[in-house]
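Enquirer: The structure's right below; bear with me while I get my questions together.
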Amino acid sequence: MLHQDRRAANGESRTPPIASAHAPGALLTEIAPASPADAPAAFGFALGWALAHANGLILWAAPEHLEAEHGAPYAEGLAQFGADLTRIMCVRAANQTDALWTAEQGLSIPGALALCMVAPSPKGLSLTATRRLLLLAEKHQSRCVLVRLDPLTASAAWLRLSVRGAPSQGAARELGPPAFDVRLTRNRMGPSGHSWRLAWNAHDNSFVPAHALDGDLVQPAPHGPAQPRRVRAI
């Protein structure tokens with residue numbers, strides 16, 4: 001979810017308009033890097049989007065050659081990002097067709113979210129393939145997020161977001177929360193063209209305006225620090 005800025009108490013809402021992603025039509029969302037160098041930022045933002053919106057299983061599907069180029073999900077890194085590893089299944093597919101098929105199977109699980117990486121290919125991702133994903137999501141009340149590394153073409157997606165890595169605002173000599181410059185380039189539910197700088201709050205699994213965390217990696221728990229949790233790598 002998108003966290004509302006505390007300053008909204010003054011009467012001005014600071015919740016970014018992409019909160020409309022909770023609308024039923026946003027069952028299929030596309031996230032694309034603003035440039036080839038921003039692919040890692042797109043991966044991170046897509047994972048945050050999945051964690052913020054999924055109510056059940058998160059199925060991460062990627063073609064093998066894409067993981068060979070960009071790397072595979074790492075259990076310890078996922079846990080530090082705020083992911084519950086018991087809810088994530090990672091599938092390394094032989095090719096893009098198999099990755100899309102895996103996403104389709106995941107969408108048949110009610111409440112699941114399929115996070116599928118789309119690599120560049122001569123044919124590109126077809127409009128028919130995106131329509132099939134949307135229909136499955138609508139039928140089973142699941143969600144799909146496509147990370148588009150391929151040239152963007154016609155799509156059935158209701159939302160498309162362009163993501164660029166942004167400076168992290170941490171304390172001196174410390175890491176700050178991951179930050180992203182996000183632009184809404186397609187919105188079939190309303191206007192597009194909005195831009196935000198958002199930071200990822202790993203504690204609440206939410207995006208907040210980049211200034212809202214004041215340099216902290218996560219917001220403190222309301223009843224004191226959380227107890228350490230053992231996480232088994234998978």
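Taken together, the values in this text are just the output of simple stated rules run on the coordinates, not laboratory data. Since we're looking at a predicted model, the values are computed, not measured. A quick note on method: Cβ atoms are made from the backbone with ideal geometry, for glycine too, and the neighbour counts reach across all protein chains shown.
Enquirer: Set Lys and Arg Cβ to +1 and Asp and Glu Cβ to -1, take the dipole of the range 35-147 about its Cα centre, and tell me which of Thr102, Thr130, Pro120 lies farthest positive.
Expert: Of the listed residues, the answer is Thr130.
Enquirer: How much FRET efficiency would the formula 1/(1 + (r/R0)^6) give for His211 and Leu127, where r is the Cβ-Cβ distance and R0 is 41 Å, rounded to 0.05?
Expert: 0.55
Enquirer: Given R₀ = 25 Å, FRET efficiency for Glu138-Gln80 by Cβ-Cβ distance, to 0.05?
Expert: The value I calculate is 0.15.
Enquirer: Tell me, in nm to one decimal, what length is gained between Glu174 and Asn95 on full extension, where the rule is 0.36 nm per residue of separation less the Cα-Cα distance?
Expert: 24.5 nm
Enquirer: With a cut-off of 8 Å between alpha carbons and a minimum separation of six or more residues, what is the relative contact order of the range 99-174 in percent?
Expert: Reported relative contact order: 34 percent.
Enquirer: How much length is gained on full extension from Arg197 to Ala68, taking 0.36 nm per residue of separation minus their Cα-Cα distance?
Expert: 43.5 nm is the gain from fully extending Arg197 to Ala68.
Enquirer: Oh, and also: For the range 197-206, take each phi angle, set θ = phi - 60°, evaluate the Karplus expression 6.51 cos²θ - 1.76 cosθ + 1.60, and give the result in whole Hz per residue in order, putting x for glycine and proline.
Expert: 10, 10, 10, 9, 9, 5, 6, 9, 6, 8
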